[in-house]
Amino acid sequence: MRMSRLGILVGLIGVVAVLAVTLERGSDKRRALVITGGTVVTMDASGTVIPDGAVAIEGSTIVAVGTADEIAARYRASQTVDARGQIILPGLINTHTHAPMVLYRGLADDLALMDWLTKYIFPAEKATVSPEFVRVGTRLAALEMIESGTTTFVDMYYFENDIAEVTAEAGLRAVLGQSVIKFPVADAPTPADALARAEAFITRWKDDPLVTPAVAPHAPYTLEGTTLQATRALANKYGVPLLIHLAETKDEVKIVTGEHGKSPAAYLESLGVWDGRSIAAHAVWLDDADMEILKRRGVGLAHNPESNMKLASGVAAVPTWIARGLHAGLGTDGAASNNDLDMFEAMRAAALLHKVSSGNPQALPAREALELATRRGAEAIGQGDRIGSLEAGKQADVITVSMTGARQTPMFDPISHLVYVARGDDVRTTIVAGRILMNAGRVRTLAKEAVLREARAMADRVRKAVGMTAPPAGGKGDLH
Ligand SMILES: [Zn+2]
C-alpha cells in the first residue's frame, strides 16, 4: 500500500513538472529583472523620456528600455521593481571624492584652505589614517552613496586596496586611485614606496569588472616632476587612468608658475603627464591655452561646486568647458569640504552657481547639470560606452527617485525636479551591474546600524587627534 501511494505521488510530481516545463517553453518571453511603471529619463543622446516606462535587465546588462506595455510583452519578470510614482534614471557618477574622509565630516568648517588643512585635516589624518580607518570610512561613504543614488565614484586616498575591497563588498562601481605625494603619509614613507604600492594595487584589480584601479599623483605642487612622470608611466604600463588635483586655487597657480614658469596644466603638459587617460579635479583657474591642452589631451574634468564654494576656491568655467567640447563631470569632493556625498545637491549647486557667477539665468540649465552627473560624467571618466545612460547594451546601473511627496508635487518636468527639487533621500532603488544594492529604501549589501556604530566609534579617535577631548554638549558624543 505504502509503495503504491508513493508511486502515485511520484507520478503526480512528474506530471506537474512536465506541465511546468511545457508552460515555460510555451512562453516566448525572456526572463529579466524588470523595473516598471515609472517615468524613464534615459539620458541618451536625444534626451528620450518615457512616461509609464520600464527597463529590462539580464545579468549585468540593460537589454531593453521602453514603455511598460512593450517591456511586459517581451519579458517575463524574474523580479519586478515597482517604480510607480518614481523616476527611473541612470545611476549618478561622482567624478571626484575621497571616500574615507566622511569620518572628518563637519570636523572643521568655515576656515581658509591652509588653516583647515594644517590645523585639522593633516593632524587628523596623521593620527588616524590606517587600513581599519579607511575601511570604516569607506563603508560609511558607500552606505551614503547607495542611499543617495550614486552608483559610480572616483576616489583618491591612502590604502586604496582596502577601499577597493569594501567597495566590492558594497557592490558599487568605482575608479580608485592610490595616492602618491612627496611627504611621508600613512601608507608610504616616500613617493617611491607609494608608486610601488600603486603598482601592486593596479596589478591586483586591473581585471575587476567593477573596480578600475588608477594611480593618483596628488597635485602638480605636491610632487617632483620626475615622480609625476613616473605616475604617468605606471598608468600607461597598465592602461589605467591617472587622477590628479589641478588648478584648484589661485595660490596653486602662483606656486607652480613661480617655480616652473608655466600654468599647472601647461607644466603637466611639458612633463607628458597628459599623455594617456586622465581625470583632473577642480580646474578652477584655467586660461584659454590650458583649456586647449586639456581638450586636445581628452582630459576628463571633475567639477566640485560645493567644495569650491565652501573653501572659496573660485568658480570653474564649466559652461565654457561644455561649449568648447571638453569632457566634464560632477563631483562632491571629500565630505570634509562639502559636507556630504549627495550628488543631487551637487547638481543643484552647479546649476545655481554658474547662474549667479555669470549673471546669466540660462547658464548651466537643469538638463546640462543632470548630464554632468550621468552621461557626461561617464565620458569624463572614460566609461561613456558602458554607463551614464539607460540604453540596451549598457551596464545596468539604475536608480529610482520618488516623486510623490509634497515637495515634488506637482511635477511638470521630471528633469527640472531632479535638479531643483530632488534630494538624495528621495532615492528608493539603487542597482549596479544588475545587482540590487538598495530596494524600497533598504540597503542590502551593508548592515546599516553596524556601519554607523563603527563610524561613531572611529570619530572618537578623530576627536582625540585634534585635541577635541570633550564630546559636544549633551555628553553622549554624537546625537544618535
Ligand atoms: Zn579632492
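Some notes on this structure:
- All positions within the stretch 112-129 that are more than 16 Å from the ligand (Cβ to nearest atom) and open to solvent by 30 Å² or more (accessible area, probe 1.4 Å): ALA112, ASP115, THR118, LYS119, PRO123, LYS126, ALA127
- Consider the stretch 265-275 and keep the residues that are surrounded by 15 or more Cβ atoms within 10 Å (Cβ to Cβ) and assigned to a loop (DSSP other than H, G, I, E, B). The one that is farthest from the ligand (Cβ to nearest atom) is ASP275.
- In the stretch 431-467, of all residues being crowded, with 16+ Cβ neighbours inside 10 Å and at positive phi, the one that is farthest from the chain's Cα centre (by Cα) corresponds to GLY434.
- Taking the numbered list (1) touching a strand residue (DSSP E or B) at 6+ places or on another chain (Cβ under 9 Å); (2) more than 16 Å from the ligand (Cβ to nearest atom) in turn, ALA351 passes all entries but (1).
- Residues that are surrounded by fewer than 24 Cβ atoms within 10 Å (Cβ to Cβ) and of a type outside the set (Lys, Arg), drawn from the stretch 94-111: GLY106, LEU107, ALA108, ASP109, ASP110, LEU111
- From the options ALA336, ALA346, residue that is at pLDDT below 95, within 16 Å of the ligand (Cβ to nearest atom) and in a helix (DSSP H, G or I): ALA336
- Unique match (being open to solvent by less than 10 Å² (accessible area, probe 1.4 Å), within 16 Å of the ligand (Cβ to nearest atom) and either closer than 30 Å to ASP28 by Cα or of a type outside the set (Lys, Arg) (or both)) among GLY91, GLY66, GLY137: GLY137
- Looking at ARG376, ARG367, ARG428, just one residue is part of a strand (DSSP E or B) and open to solvent by 10 Å² or more (accessible area, probe 1.4 Å), and that residue is ARG428.
- Of all the residues in the stretch 390-404, those that are part of a loop (DSSP other than H, G, I, E, B) and either over 20 Å from the mean Cα position of the chain (by Cα) or buried (at least 19 other Cβ atoms within 10 Å of the Cβ) (or both) number 8.
For every residue, the table says whether it meets (1) charged (D, E, K, R); (2) open to solvent by less than 10 Å² (accessible area, probe 1.4 Å); (3) touching a strand residue (DSSP E or B) at 6+ places or on another chain (Cβ under 9 Å); (4) within 16 Å of the ligand (Cβ to nearest atom).
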| site | (1), (2), (3), (4) |
| --- | --- |
| HIS218 | no, no, yes, yes |
| GLY225 | no, no, no, no |
| LEU228 | no, yes, yes, no |
| ALA233 | no, no, no, no |
| LYS237 | yes, no, no, no |
| PRO241 | no, yes, yes, yes |
| ASP251 | yes, no, no, yes |
| HIS260 | no, no, no, no |
| SER263 | no, no, no, no |
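- Of the residues making up the stretch 276-325, just one is open to solvent by 60 Å² or more (accessible area, probe 1.4 Å), touching a residue at least 60 places away in the same chain (Cβ under 8 Å), on the phi < 0 side of the Ramachandran plot and more than 13 Å from the ligand (Cβ to nearest atom), namely ARG277.
The values are calculated or read from the model by the stated rules, or taken from the named source; none is laboratory data. The structure displayed is predicted, hence computed values, not measured ones. Neighbour counts are summed over all protein chains in view; Cβ atoms, including those assigned to glycine, are modelled from backbone coordinates with ideal geometry. Side chains included, ligands, DNA and RNA excluded: accessible areas come from the protein's heavy atoms. Shrake-Rupley method; radii C 1.70, N 1.55, O 1.52, S 1.80 Å.
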